[in-house]
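Peer 1: Structure incoming, see below.
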Amino acid sequence: EVQLVESGGGLVQPGGSLRLSCAASGFTFRTYWMHWVRQAPGKGLVWVSRINSDGSSTNYADSVKGRFTISRDNAKNTLYLQMDSLRADDTAVYYCARDEEWLVGDSWGQGTLVTVSS
Amino acid sequence: DIQMTQSPSSLSASVGDRVTITCRASQGIRNDLGWYQQKPGKAPKRLIYAASSLQSGVPSRFSGSGSGTEFTLTISCLQPEDFATYYCLQHNSYPWTFGQGTKVEIK
């Protein structure tokens with residue numbers, strides 16, 4: 001069974017940093033592209049970032065480019081999102097998801113809440 | 001960036017109704033589009049990929065169509081478990097973009 005479990009969310013002050021993790025199991029993690037998607041409270045889904053299978057290629061939403069860094073450790077079956085220079089509008093539930101058929105697929109984590117507030 | 005305009009933003013419908021949701025892209029995206037369903041407090045679930053391919057395990061009352069700039073998600077006979085929010089997502093070019101969502105409520 002495919003499992004994705006996010007962790008690392010919490011309360012952080014504006015301008016601070018946080019690193020999210022997504023532990024993968026039940027599939028051959030190193031062969032899949034992966035994504036981060038976020039959802040602010042009461043708002044819609046926003047695609048944040050994606051990384052290819054070996055970590056050599058990444059893409060970002062305009063709103064996080066230059067502040068967030070996606071990475072992965074295939075030996076640890078773990079996806080990361082390093083978030084720096086956090087702003088109040090980064091407050092959201094962050095989901096990791098597996099790429100399937102070159103699109104965000106049907107395998108998502110449960111999400112981790114990031115709150116940016118003083 | 002490609003903008004995805006989804007309509008309507010919300011609708012009220014009854015069990016058994018046929019429901020259609022539309023997504024329009026600001027430029028042509030071939031068939032690089034998926035549809036997702038999300039229920040409160042839950043992660044989204046993919047319904048459709050490549051604009052019209054049904055995700056494995058998804059009931060056949062869900063269907064997708066379109067290509068280029070206009071896409072539709074149709075629920076042929078609305079069931080109680082279909083009351084949720086639906087999103088389209090374009091993956092033709094980065095940054096990928098979701099529509100703003102359509103909330104399907106019980107009439």
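Peer 1: Considering (1) open to solvent by 40 Å² or more (accessible area, probe 1.4 Å); (2) at the interface with chain A (Cβ under 10 Å from one of its Cβ atoms); (3) part of a strand (DSSP E or B), say which one B:LEU89 fails and leave the rest.
Peer 2: (1)
Peer 1: In this structure, does A:ARG38 turn out to be buried (at least 19 other Cβ atoms within 10 Å of the Cβ), touching a Leu at 6+ places or on another chain (Cβ under 9 Å) and closer than 17 Å to B:GLN90 by Cα?
Peer 2: Working: buried (at least 19 other Cβ atoms within 10 Å of the Cβ): yes; touching a Leu at 6+ places or on another chain (Cβ under 9 Å): yes; closer than 17 Å to B:GLN90 by Cα: yes.
So A:ARG38 passes the test.
Peer 1: Then there is this: So which residues in region A:73-118 are in a strand (DSSP E or B), of a type in the set (D, E, K, R) and closer than 25 Å to B:ARG46 by Cα?
Peer 2: First pass over region A:73-118, keeping only residues in a strand (DSSP E or B): A:73, A:78-83, A:92-100, A:103-108, A:112-116.
Checking which are of a type in the set (D, E, K, R) leaves us with A:73, A:98-100, A:106.
Once the filter is applied, which keeps residues that are in a strand (DSSP E or B), of a type in the set (D, E, K, R) and closer than 25 Å to B:ARG46 by Cα, region A:73-118 yields A:ARG98, A:ASP99, A:GLU100, A:ASP106.
Peer 1: Let me ask you something else. Give the residues of region B:4-25 that are of a type outside the set (Gly, Ala, Ser) and not in a loop (DSSP other than H, G, I, E, B), sorted by residue number. If you could, list the steps in order and put the result at the bottom.
Peer 2: Residues of region B:4-25 that are of a type outside the set (Gly, Ala, Ser), as a first pass: B:4-6, B:8, B:11, B:15, B:17-24.
Answer for region B:4-25, where residues must be of a type outside the set (Gly, Ala, Ser) and not in a loop (DSSP other than H, G, I, E, B): B:MET4, B:THR5, B:GLN6, B:LEU11, B:VAL19, B:THR20, B:ILE21, B:THR22, B:CYS23, B:ARG24.
Peer 1: Can A:ASP90 be described as over 11 Å from the mean Cα position of the chain (by Cα), modelled with pLDDT of 95 or more and more than 14 Å from chain B (Cβ to nearest Cβ)? Give the steps one after another, and end with the answer.
Peer 2: Working: over 11 Å from the mean Cα position of the chain (by Cα): yes; modelled with pLDDT of 95 or more: yes; more than 14 Å from chain B (Cβ to nearest Cβ): yes.
So A:ASP90 passes the test.
Peer 1: Among what's in region B:63-86 and is within 14 Å of chain A (Cβ to nearest Cβ) and among the aromatic types (Phe, Trp, Tyr), pick the residue that is farthest from B:ARG30 (Cα to Cα). Give the steps one after another, and end with the answer.
Peer 2: Step one: filter region B:63-86 for residues within 14 Å of chain A (Cβ to nearest Cβ), giving B:64, B:71, B:84-86.
With the extra rule that they be among the aromatic types (Phe, Trp, Tyr), the set shrinks to B:71, B:86.
On the way: B:PHE71: 10, B:TYR86: 21 Å.
Top of the filtered list is B:TYR86.
Peer 1: All but one of (1) surrounded by 14 or more Cβ atoms within 10 Å (Cβ to Cβ); (2) part of a strand (DSSP E or B) hold for B:ALA51; which doesn't?
Peer 2: (2)
Peer 1: While we're on this one: How many residues, within region B:63-86, are aromatic (Phe, Trp, Tyr) and either open to solvent by 10 Å² or more (accessible area, probe 1.4 Å) or touching a helix residue (DSSP H, G or I) at 6+ places or on another chain (Cβ under 9 Å) (or both)? Let's see the steps before the verdict.
Peer 2: Narrowing region B:63-86 to residues aromatic (Phe, Trp, Tyr): B:71, B:83, B:86.
Cutting the leftovers down to either open to solvent by 10 Å² or more (accessible area, probe 1.4 Å) or touching a helix residue (DSSP H, G or I) at 6+ places or on another chain (Cβ under 9 Å) (or both) gives us B:83.
Qualifying residue count, region B:63-86: 1.
Okay, residues lined up against (1) over 17 Å from B:PHE98 (Cα atoms); (2) free of Cβ contacts under 8 Å to residues at least 24 places away in the same chain:
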{"residue": "B:GLN6", "(1), (2)": "no, no"}
{"residue": "B:SER9", "(1), (2)": "no, no"}
{"residue": "B:ALA13", "(1), (2)": "yes, no"}
{"residue": "B:VAL19", "(1), (2)": "yes, no"}
{"residue": "B:CYS23", "(1), (2)": "no, no"}
{"residue": "B:TRP35", "(1), (2)": "no, no"}
{"residue": "B:ALA43", "(1), (2)": "no, yes"}
{"residue": "B:GLY57", "(1), (2)": "yes, yes"}
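Peer 1: Going by what's in this entry, would A:GLY9 be described as surrounded by fewer than 16 Cβ atoms within 10 Å (Cβ to Cβ), touching a residue at least 40 places away in the same chain (Cβ under 8 Å) and out of contact with any helix residue (DSSP H, G or I) (no Cβ under 8 Å at 6 or more places or on another chain)? It would help to see each step written out before you state the result.
Peer 2: Working: surrounded by fewer than 16 Cβ atoms within 10 Å (Cβ to Cβ): no; touching a residue at least 40 places away in the same chain (Cβ under 8 Å): yes; out of contact with any helix residue (DSSP H, G or I) (no Cβ under 8 Å at 6 or more places or on another chain): yes.
Considered against the rule, which asks whether it is surrounded by fewer than 16 Cβ atoms within 10 Å (Cβ to Cβ), touching a residue at least 40 places away in the same chain (Cβ under 8 Å) and out of contact with any helix residue (DSSP H, G or I) (no Cβ under 8 Å at 6 or more places or on another chain), A:GLY9 comes out as no.
Peer 1: Output yes when any residue across region A:97-108 is more than 10 Å from chain B (Cβ to nearest Cβ) and free of Cβ contacts under 8 Å to residues at least 12 places away in the same chain, and no when none is.
Peer 2: Filtering region A:97-108 down to residues more than 10 Å from chain B (Cβ to nearest Cβ) leaves A:98.
Then drop every residue that is not free of Cβ contacts under 8 Å to residues at least 12 places away in the same chain, which leaves none.
No, there is no match, as no residue in region A:97-108 is more than 10 Å from chain B (Cβ to nearest Cβ) and free of Cβ contacts under 8 Å to residues at least 12 places away in the same chain.
Peer 1: Something else now. Has region B:73-80 got at least one residue that is at positive phi, within 12 Å of the chain's Cα centre (by Cα) and in a strand (DSSP E or B)?
Peer 2: Quick first cut of region B:73-80, residues at positive phi only: none.
Checking region B:73-80: not a single residue is at positive phi, within 12 Å of the chain's Cα centre (by Cα) and in a strand (DSSP E or B).
Peer 1: Tally the residues that are more than 14 Å from chain B (Cβ to nearest Cβ) and in a loop (DSSP other than H, G, I, E, B), restricting the search to region A:16-66.
Peer 2: At the first step, the residues of region A:16-66 found to be more than 14 Å from chain B (Cβ to nearest Cβ) are A:16-21, A:23-32, A:53-56.
This time we only want the ones that are in a loop (DSSP other than H, G, I, E, B), so: A:16-17, A:26-28, A:32, A:53-56.
Looking only at that region, the number is 10.
The values are calculated or read from the model by the stated rules, or taken from the named source; none is laboratory data. Fair warning: this is a prediction, and the values are worked out from it, not measured in the lab. Ideal geometry is used to build each Cβ from the backbone, glycine not excepted, and the neighbour counts take in all protein chains shown. Side chains are part of the model used for accessible areas, which takes the heavy atoms of the whole protein and leaves out ligands, DNA and RNA. Shrake-Rupley method; radii C 1.70, N 1.55, O 1.52, S 1.80 Å.
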